[in-house]
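The values are calculated or read from the model by the stated rules, or taken from the named source; none is laboratory data. Since the structure is predicted, the reported quantities are computational estimates derived from the model, not experimental observations. Quick reminder, even Gly has a Cβ in these numbers, built from the backbone with ideal geometry, and neighbours come from all protein chains shown.
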Amino acid sequence: MKTDSVTSRNRTTMLIGALIFMVVNTIIVISVCNTQFISESDKFIWNTKIILIISGICFGGLFLVLRFLKSLTIKKLFLIFLIVRVIFLFYFVVFNYYVETIDFAFYSQFPPHVLSGGIFTPYLEYWRNDVWRTYPPMFIWWYTYNYWVYGLDVILWRFMNLLLEMGIIYVMIQIFQENSVTEKGWNVENFKIGLSIYIFSFIPIVIILLYGNMIAFPVLISLLGFLYFFRSKKNPKYLYYAVFFFGLAALTEFFAAFWILVILLINLFQKNFKRFFILIGEFMAIFCLVTLPFLINDALGYLPRLSYVVLNIASGNWDGTIWAIDSRTLNVSPSINYVPAIIAIILSLYYIYKNYKFEISLDLFIVIISIFLFLSPEFSAWHYLWIFSLISLNIIYSFRKFLITNLFFWGYFFFFIIWFVLAYLTYPGIIFSNFWETYIEIFHGYMPSAGYFIVLPLIIQTIFQMGFIYLIFSYTKSKTLVSALLMLFIIYYIFNICMPANLMFY
């Protein structure tokens with residue numbers, strides 16, 4: 001890859017454009033969004049105003065760093081990462097910006113259940129009252145551990161997330177340094193570009209540091225899995241370490257399980273049956289160990305609930321994609337929601353089978369997770385963080401493709417936030433003294449009736465899913481694979497428009 005595309009004469013042009021965007025964006029946000037609800041009350045929920053300002057600052061900072069990239073070493077970039085994150089953390093704390101209250105407040109209810117012995121109480125017939133026990137077990141343990149140590153204090157929780165992201169960057173650097181000689185397209189200049197874009201991407205800053213989402217924990221564990229996977233190419237015993245970390249990640253967020261699927265299928269296709277069964281046994285042992293209290297209490301009550309959640313991860317609300325069909329609306333079997341998952345497995349089998357004879361690279365893992373994320377019944381910005389650190393390692397062998405891929409996801413998140421800002425600005429009702437009353441009125445009353453949620457799947461979610469299509473094509477160049485995804489997308493898309501079976505279309 002020619003790095004001249006970002007370090008020669010056009011780097012100054014890009015920097016000027018980014019700085020202009022930063023200044024104009026900041027002025028518009030401060031002047032237009034300076035309303036009572038967005039400036040004060042919104043800080044308790046979405047923090048949309050500061051997110052828009054952060055996006056402008058990050059674009060300016062990114063192209064400023066790219067302008068002087070040749071003089072920056074990896075160690076200097078790591079130092080820049082620390083400075084940027086510490087400054088933002090200090091700003092969020094001093095000016096009292098809240099974490100994403102809806103999720104954090106809900107997940108904070110899990111630890112008291114655990115520490116009071118709720119794990120060993122009988123299951124209720126109405127399983128939704130036991131919803132806290134249906135979350136991935138490592139997810140529950142992580143929140144419980146932090147609650148036990150420091151009471152889930154918001155400042156310390158954000159500081160813990162900063163430490164986790166430091167670990168993410170460190171492991172990325174370690175993976176690169178150990179494999180830059182053997183992996184295709186991995187060289188210092190490329191990696192510095194990928195690292196720079198990670199540092200100045202506003203998505204991890206917002207999701208991990210501002211919102212306080214715990215996604216940094218499973219992402220770090222997954223990266224440790226990749227570290228040992230690459231080491232297993234020289235020493236096969238490290239593959240068991242890799243599966244161990246992938247297993248922990250999968251028991252924190254289920255998406256990581258697809259990487260275990262890749263390793264198992266490769267060994268199966270290579271007819272390495274002994275290792276295949278040992279790895280299955282290892283994952284089952286990890287699962288039993290992590291879920292032991294639940295299994296001791298009532299395995300026959302816990303496993304059905306857990307499997308139900310795994311197989312029915314879907315949302316018919318604003319965060320549901322076109323793949324999530326409300327079966328009750330159409331009076332059909334709920335199994336209709338299994339169709340995208342089945343197709344994702346079939347496409348994964350096809351792609352893995354075509355590539356198992358070659359040396360397994362990072363690309364295969366990125367493609368598989370992208371297929372499942374593309375077909376996921378839920379969409380959210382933190383899904384992107386599953387692949388962001390990975391594509392930053394090899395930047396798809398092309399700065400142009402890497403930048404375009406990131407623009408898809410940055411654009412989705414940027415316009416997603418703008419869409420909520422427009423709803424706040426056009427809301428004609430009364431701003432109540434209790435901000436939750438206003439939020440509920442806007443979010444559950446005004447936005448659906450005004451058609452805001454119709455635009456989400458038609459435009460904003462489409463940008464999100466097309467980002468995965470572009471990413472998959474950039475890595476595979478497979479017209480068959482991409483055509484299958486596009487055809488499936490078109491069928492479901494038309495189906496949702498013609499026969500609205502998802503709450504977000506109403």
Take region 212-257 and flag every residue that is under 30 Å from Asn47 (Cα atoms), modelled with pLDDT of 95 or more and aromatic (Phe, Trp, Tyr).
Phe217
When (1) buried (at least 21 other Cβ atoms within 10 Å of the Cβ); (2) closer than 22 Å to Ala249 by Cβ are applied to Ile199, the one that fails is (2)
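Return the only residue of Phe420, Phe399 being buried (at least 16 other Cβ atoms within 10 Å of the Cβ), aromatic (Phe, Trp, Tyr), within 20 Å of Ser55 (Cβ to Cβ) and in contact (Cβ under 8 Å) with a residue 60 or more places away in the chain. Steps first, please.
Values: Phe399 fails: within 20 Å of Ser55 (Cβ to Cβ).
Sole residue among the options that is buried (at least 16 other Cβ atoms within 10 Å of the Cβ), aromatic (Phe, Trp, Tyr), within 20 Å of Ser55 (Cβ to Cβ) and in contact (Cβ under 8 Å) with a residue 60 or more places away in the chain: Phe420.
Quick one: is Leu362 surrounded by fewer than 22 Cβ atoms within 10 Å (Cβ to Cβ), aliphatic (A, V, I, L, M) and at pLDDT below 95?
Working: surrounded by fewer than 22 Cβ atoms within 10 Å (Cβ to Cβ): yes; aliphatic (A, V, I, L, M): yes; at pLDDT below 95: yes.
So Leu362 passes the test.
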Taking region 128-181, which residues are farther than 25 Å from Leu289 by Cα, of a type in the set (D, E, K, R) and crowded, with 17+ Cβ neighbours inside 10 Å?
Arg158, Glu165
Would you check if Ala341 is in contact with a Pro (Cβ under 9 Å, 6 or more places away or on another chain) and in a loop (DSSP other than H, G, I, E, B)?
no
So Tyr492 passes all but one of these: (1) touching a residue at least 40 places away in the same chain (Cβ under 8 Å); (2) under 28 Å from Ala341 (Cβ atoms); (3) more than 25 Å from the chain's Cα centre (by Cα). Which condition number does it fail?
(3)
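Taking Phe277, is it surrounded by 16 or more Cβ atoms within 10 Å (Cβ to Cβ) and either modelled with pLDDT of 90 or more or acidic (Asp, Glu) (or both)? If you could, list the steps in order and put the result at the bottom.
Details: surrounded by 16 or more Cβ atoms within 10 Å (Cβ to Cβ): no; either modelled with pLDDT of 90 or more or acidic (Asp, Glu) (or both): yes.
Here the answer is no, as Phe277 does not meet what is asked.
Which of the residues that make up region 155-175 are of a type in the set (A, V, I, L, M) and over 21 Å from the mean Cα position of the chain (by Cα)? So that I can check it myself, show each step before the final result.
Residues of region 155-175 of a type in the set (A, V, I, L, M): 155-156, 160, 162-164, 166, 168-169, 171-173, 175.
Those that are of a type in the set (A, V, I, L, M) and over 21 Å from the mean Cα position of the chain (by Cα): Ile155, Leu156.
Confirm whether Ile140 is assigned to a helix (DSSP H, G or I), out of contact with any Ser or Thr (no Cβ under 9 Å at 6 or more places or on another chain) and either of a type in the set (Gly, Ala, Ser) or farther than 24 Å from Leu52 by Cβ (or both). Spell out the reasoning first.
Working: assigned to a helix (DSSP H, G or I): yes; out of contact with any Ser or Thr (no Cβ under 9 Å at 6 or more places or on another chain): yes; either of a type in the set (Gly, Ala, Ser) or farther than 24 Å from Leu52 by Cβ (or both): yes.
It is true that Ile140 is assigned to a helix (DSSP H, G or I), out of contact with any Ser or Thr (no Cβ under 9 Å at 6 or more places or on another chain) and either of a type in the set (Gly, Ala, Ser) or farther than 24 Å from Leu52 by Cβ (or both).
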